[in-house]
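The next block holds one structure in the form of structure tokens; read it before the comments.
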Amino acid sequence: MYRTVFFPNKLYEIDANNKIVHWSPYNGKVLPGYMFAGTGFWDTFRALYPFLNLVYPSINKEMQEGLINDYKEGGWLPEWSSPAYANIMVGNNSASVVSDAYIKGLRGYDIEILWEALKKGANNTGPMAAVGRDGVKFYNELGYVPFDAGFHENAAKTLEYAYDDFAIYNLGRALGKPESEIGIYAKRSMNYKNLFDPSSGLMRGKNKDGSFQSPFSPFKWGGAFTEGNSWHYTWSVFHDVAGLSKLMGGKDKFVMKLDSVFSLPPIFDESAYGGVIHEIREMQIANMGQYAHGNQPIQHMIYLYNYGGAPWKTQYWVRETMNRMYSATPDGYCGDEDNGQTSAWYVFSSMGFYPVTPAVNEYVLGAPLFKKVTLNLENGKTIVINAPKNSDENRYVNALKINGKPYSKNWLNHMDLQKGAVLDFDMSATPNKKRGTNEADFPYSFSTENTHK
Ligand code: CA
């Protein structure tokens, strides 16, 4: 929890007249209003910002105001701010940070300016590859950033842009924008399908002519991917896991594919980097197969068993990861902590749920670590999470009640939690392989949202 709230840093202070002022890294002036820095959205869009929206929304409201100032003073939203714009990592994940805040209920700032900023970033190359969208012309024309057109980490970019397009679409719906304006983002959000290779059942780089990049090794780090390999990035379909599951041949095959991540050996091909980067070494030492919790791309993957009707496998692996990858010792982290993201994973997971799809007001269920957690929300309400039978052995959810009523779904609604809630987990040493197996109880996916209540 301490590490979770370390970042981002405040770049503002209160002047002699009690006014909020910040130093602008864009023009060197001292200007009114908030600004923050010291965060990389590639990491922190996943769980850190969703955590702020749940527990510290008033602070993230200040951060959203800071993003407005970034845009006004620099012309773009930052993706990696240390401070201002740094040419680090990929994606256009400011879309997720902005959309999740508004969709989770934050108000009181000029969302219309941020809406304009998101659209600009999504449809233009920026002043450097990591701002705006590198390869946007190809992405918009072909539906992917090609492997053989000089854009590095092109598959990672494609997959993250597709999710970011969904985040923009969902924000547009929340703002009441017409379909003529936002429909294009819904369409592009399906671009992840363009990189799915049926022969391997994995995501793979694609060339301009539509052929897959060859030779292809799913164990190869870098190249088409960012600090990870195809086994890590194949799951980067945060908004449409049901669609991904369908591509893989249905939920049983999907679950088998998830199992493969853990059953494969921790082998790797580092040739694209010309050496073993620390993230590779961390996966090897972690010894959980291809599950590389020391880096961000795969951190949501354990929760995807809920979309295949095997939530007990989520419950098992979440506990294994908390036990093996975190300890209160000098070497207690399994890799770069990365601005609160790897800590936010733990804090969410220890409460028993995780934001697999930021920009959707839901959390996917895991299983709590503690016998009791009380969350004091800023609005004065409390969320109480009871699991009196919890132990290292009793790590499985036999049953769940919310506010005294039996609850069969694999997910929680953010807005319901905001009203205050009591969650009673009945924990067991034996997996309940029936709970959460009906598709009607699966978490949100864009392609099945009409059936999702
Ligand atoms: Ca990292």
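The values are calculated or read from the model by the stated rules, or taken from the named source; none is laboratory data. Small disclaimer: the values here were computed from a predicted structure and weren't measured. Cβ sites come from the backbone with ideal geometry, for glycine too, and all protein chains shown count toward neighbours. To get the accessible areas, we keep the full protein, side chains included, count just its heavy atoms, and leave off ligands, DNA and RNA. Shrake-Rupley method; radii C 1.70, N 1.55, O 1.52, S 1.80 Å.
Quick notes
- Our coupling estimate for the stretch 320-332, obtained by passing each phi through the Karplus curve with A = 6.51, B = -1.76, C = 1.60 and θ = phi - 60°, is 4, 5, 4, 5, 8, 9, 9, 7, 8, 9, x, 9, x Hz, Gly and Pro reported as x.
- Computed over neighbours whose Cβ is under 11 Å from that of Leu54, the net charge equals -1, Lys and Arg +1, Asp and Glu -1.
- Note on the chain: the C-alpha convex hull projects to 21.3 nm² when averaged across all orientations.
- Backbone amide hydrogens, once placed in the peptide plane, bring Asn398 within less than 5 Å of Asp426, Met427, Ser428, excluding anything fewer than 5 places away on its chain.
- Looking at the chain, the accessible area is 38 square angstrom per residue; that uses a 1.4 Å probe and ignores ligands, DNA and RNA.
- 3J(HN,Hα) from dihedral phi, the stretch 26-42, Karplus parametrisation 6.51/-1.76/1.60, rounded to Hz, x for glycine, proline: 8, 9, x, 8, 9, 10, x, x, 7, 7, 10, 7, x, 8, x, 5, 3
- Among Thr4, Phe238, Gly222 - extreme Cα towards positive end, dipole of the chain, charges at beta-carbon: Phe238
- Reachable lysines from Lys257, criterion Cα separation under 16 angstrom, eight or more residues apart if same chain: Lys246, Lys313
- Taking a sphere under 10 Å around the Cβ of Glu153 and counting the other residues whose Cβ falls inside, with K and R at +1 and D and E at -1, yields a net charge of -2.
- Interchain or long-range residues, amide H under 5 Å from Met203's placed H: Asp197, Thr234
- Net charge of Cβ neighbours under 10 Å - reference Ser230; Lys, Arg +1; Asp, Glu -1: +1
- Size of electric dipole in the chain: Cβ of Lys, Arg +1 and of Asp, Glu -1, about Cα centre, debye, nearest 20: 1280
- Relative to the Cα centre, the charge distribution of the stretch 345-453, modelled as +1 at Lys and Arg Cβ and -1 at Asp and Glu Cβ, gives a dipole magnitude of about 320 debye.
- If you wrap the Cα atoms of the stretch 391-453 in a convex hull and average its projected area over all directions, you get 5.1 nm².
- Residue-wise HN-Hα couplings along the stretch 238-244, as the Karplus relation 6.51 cos²θ - 1.76 cosθ + 1.60 with θ = phi - 60° gives them from phi, are 3, 8, 8, 5, 4, x, 5 Hz; Gly and Pro carry x.
- Each of Met283, Phe268, Gln299 was placed along the dipole of the stretch 240-325 (beta-carbon charges, centred on the mean Cα), and the one lying farthest toward the positive end is Gln299.
- Multiplying the residue separation of Asp259 and Leu375 by 0.36 nm and subtracting their alpha-carbon distance yields 38.5 nm.
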